[in-house]
Structure formats: C-alpha cells, structure tokens
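Structure first, then comments.
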Amino acid sequence: MEPQEYDLMDRVEGEMWWYRALHARVVSCLDRFPGLVERPLLDAGCGTGGLLARLAVAFPTRELVGVDVAPEAVRRAQRKVPRARLIVGSVSALPLAPGFFGAIVSCDVLCHRLVDEHAALAELHRVLAPGGTLVLNLPAHEWLRSAHDERVHNARRYSRRSLRPLLEQAGFMVRDMRHWNALLLPLMVLKRKVLARGKGACSDVALMPPPIEEMLHAITRVEAALAGAGVRFPAGGSLLVVAERSP
C-alpha cells in the first residue's frame with residue numbers, strides 16, 4: 001500500500017467500524033471452523049497487526065504467527081502483539097514450513113496488484129495442514145471498483161462464481177462463502193461511485209465522528225445477527241470465505 005495508508009490503518013484499525021466488524025466476523029468463522037487447534041494460527045498479510053491483536057484476545061492460548069511483505073508493517077504489528085511471531089515475507093513465497101499451521105486467515109491480500117493469486121493460494125495450501133481451516137476476506141463486485149482500490153492497490157474484486165473454482169483448483173474445499181457489509185452497500189456505492197469518483201480521491205480508511213462510527217458498527221452487528229439466523233445476502237462490499245485443505 002501507499003506508506004500513508006499504513007499510517008492510517010495503524011491509527012484506526014482498533015476503532016474504525018469496518019475493521020471492528022471484519023475482525024468480529026473472522027473470529028466468528030474460527031469459532032465455527034477452528035481447524036487444528038493444537039497447531040499455530042497464521043495471519044497471512046497481517047498489515048499493522050489489528051487482526052492479530054483481536055485474535056490474541058479471542059484465542060489466548062493459541063500460537064500466533066503473522067507475515068507481511070512490508071517491514072514497517074511488521075514492526076508496527078510486533079508492537080501491538082508482542083507474543084506473536086512476526087516475519088517479513090511475501091504471501092506468494094511464504095518462508096514457512098509445509099503443513100505447519102492449523103488455520104490461516106488472510107484479509108484483502110489476494111486482491112493486491114503485487115500478489116499472484118494462484119501462487120499465493122498454492123503457498124497457503126502448502127503451509128496449511130490437511131484438515132486445516134482457511135479464512136479469506138476479499139473485496140466483492142468488480143463494478144464497485146473505485147479510487148479506494150487505487151489507493152490500496154487492489155487489482156481484483158471477486159464474485160462467488162470466480163472465487164470458488166480458484167479455491168477448488170488450489171486444493172481447498174469451500175465450507176462457507178457469503179457476502180457481508182450488505183446493509184451498508186448502498187452507502188458504499190454512493191460514496192465510491194458518486195462522491196469520490198476521481199483517481200485523486202482518498203481511500204475509505206478514516207475514522208468518522210464517534211456517533212456515526214457507533215451507528216455504522218451497530219448496523220454491521222444487526223447484519224451479523226441476521227446472517228447468524230440464516231439470512232444470505234445477494235451482494236455486499238466484501239466476500240468472506242471459509243475453506244478447508246483437503247487431505
């Protein structure tokens with residue numbers, strides 16, 4: 001990402017509604033599909049460590065490892081989660097042993113312009129133990145591409161139709177795949193496609209006034225409750241996927 005985007009992420013990922021909602025969703029996935037709990041948990045593309053910090057609270061006894069290609073991001077993540085093992089490396093060529101992990105999470109990484117999605121999925125498959133869980137979050141809908149994607153260097157946005165065969169070809173069995181950030185999708189479309197259409201527009205990574213932050217977060221909690229009750233949304237800002245490495 002742009003250097004200033006790491007600064008923004010580091011400052012806001014503990015408080016911004018979107019990160020809070022994403023991290024809660026990932027933890028919920030791991031509660032339902034924990035993988036092999038006796039093995040370490042990897043955050044592949046950990047950025048500045050916000051999700052690792054949330055995982056450290058949710059799973060206090062599980063060994064945590066984070067990998068990111070940016071040394072500055074790794075330094076920031078290590079400060080947030082001192083007990084985690086942090087490594088500088090590419091998700092397309094992970095400096096890790098085969099079959100070492102019982103679960104892997106990777107949020108908004110495969111979409112990056114510097115990532116070869118096929119090589120990255122092959123590497124995630126290689127370092128995940130058979131029967132282990134893979135949780136991916138990825139931006140949805142190519143028609144939603146905007147200045148935000150330019151700022152964070154997203155090269156791809158995904159659909160369920162495009163993502164499932166990609167995972168299956170890499171040796172994963174999809175256990176769950178669903179859109180989220182659906183209730184706020186109209187607001188996202190308004191902001192990205194109408195109000196911030198120019199290439200010079202900034203990304204969406206920014207804190208809003210506290211009442212608005214809490215309102216947006218409350219909407220994501222309502223959506224999560226609906227999803228927990230079995231509601232499936234046909235569209236949303238992101239795709240959240242749970243897959244398993246086949247034996």
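The values are calculated or read from the model by the stated rules, or taken from the named source; none is laboratory data. It should be emphasised that the depicted structure is a prediction, and the values quoted were computed from it without experimental measurement. Here Cβ is always computed from backbone atoms with ideal geometry, including for glycine, and neighbour counts include all displayed protein chains.
This table checks each residue for (1) β-branched (Val, Ile, Thr); (2) more than 17 Å from Gly237 (Cα to Cα); (3) in contact (Cβ under 8 Å) with a residue 12 or more places away in the chain; (4) touching a helix residue (DSSP H, G or I) at 6+ places or on another chain (Cβ under 6 Å).
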position: Val105; (1), (2), (3), (4): yes, yes, yes, yes
position: Ala119; (1), (2), (3), (4): no, yes, yes, no
position: Ala122; (1), (2), (3), (4): no, yes, yes, no
position: Gly132; (1), (2), (3), (4): no, yes, yes, no
position: Pro139; (1), (2), (3), (4): no, no, yes, no
position: Arg145; (1), (2), (3), (4): no, no, yes, no
So, in the stretch 6-18, of the ones that are surrounded by fewer than 18 Cβ atoms within 10 Å (Cβ to Cβ) and in a loop (DSSP other than H, G, I, E, B), which residue ends up modelled with the highest pLDDT?
Glu15
Which count do you get for residues in the stretch 55-74 that are farther than 28 Å from Glu142 by Cα, surrounded by 14 or more Cβ atoms within 10 Å (Cβ to Cβ) and modelled with pLDDT of 95 or more?
10
State yes or no: is Val152 under 17 Å from the mean Cα position of the chain (by Cα), within 20 Å of Leu51 (Cβ to Cβ) and surrounded by fewer than 21 Cβ atoms within 10 Å (Cβ to Cβ)?
yes
Do you know which residues across the stretch 19-53 are buried (at least 21 other Cβ atoms within 10 Å of the Cβ), outside any helix (DSSP H, G or I) and not polar (S, T, N, Q)?
Gly35, Leu41, Leu42, Asp43, Ala44, Gly45, Cys46, Gly47, Gly49
I'd like the residue in the stretch 147-175 that is in a loop (DSSP other than H, G, I, E, B) and closer than 13 Å to Ser238 by Cα and, out of all such residues, is modelled with the highest pLDDT.
Ser159
Scan the stretch 76-89 and give yes if some residue there is of a type outside the set (Phe, Trp, Tyr), closer than 25 Å to Arg32 by Cβ, in contact with a Lys or Arg (Cβ under 8 Å, 6 or more places away or on another chain) and buried (at least 18 other Cβ atoms within 10 Å of the Cβ), otherwise no.
no
Quick one: which residue in Glu214, Glu142 is of a type in the set (D, E, K, R) and under 27 Å from Arg113 (Cβ atoms)?
Glu142
Of the numbered conditions (1) modelled with pLDDT of 95 or more; (2) under 16 Å from the mean Cα position of the chain (by Cα); (3) not aliphatic (A, V, I, L, M), Gly35 satisfies every one except a single condition; which is it?
(2)
Would you say Ala97 is among the hydrophobic types (A, V, I, L, M, F, W, C) and under 28 Å from Glu213 (Cα atoms)?
no
Evaluate the stretch 91-103: report whether one residue or more is more than 24 Å from Ala227 (Cα to Cα) and out of contact with any helix residue (DSSP H, G or I) (no Cβ under 8 Å at 6 or more places or on another chain).
yes
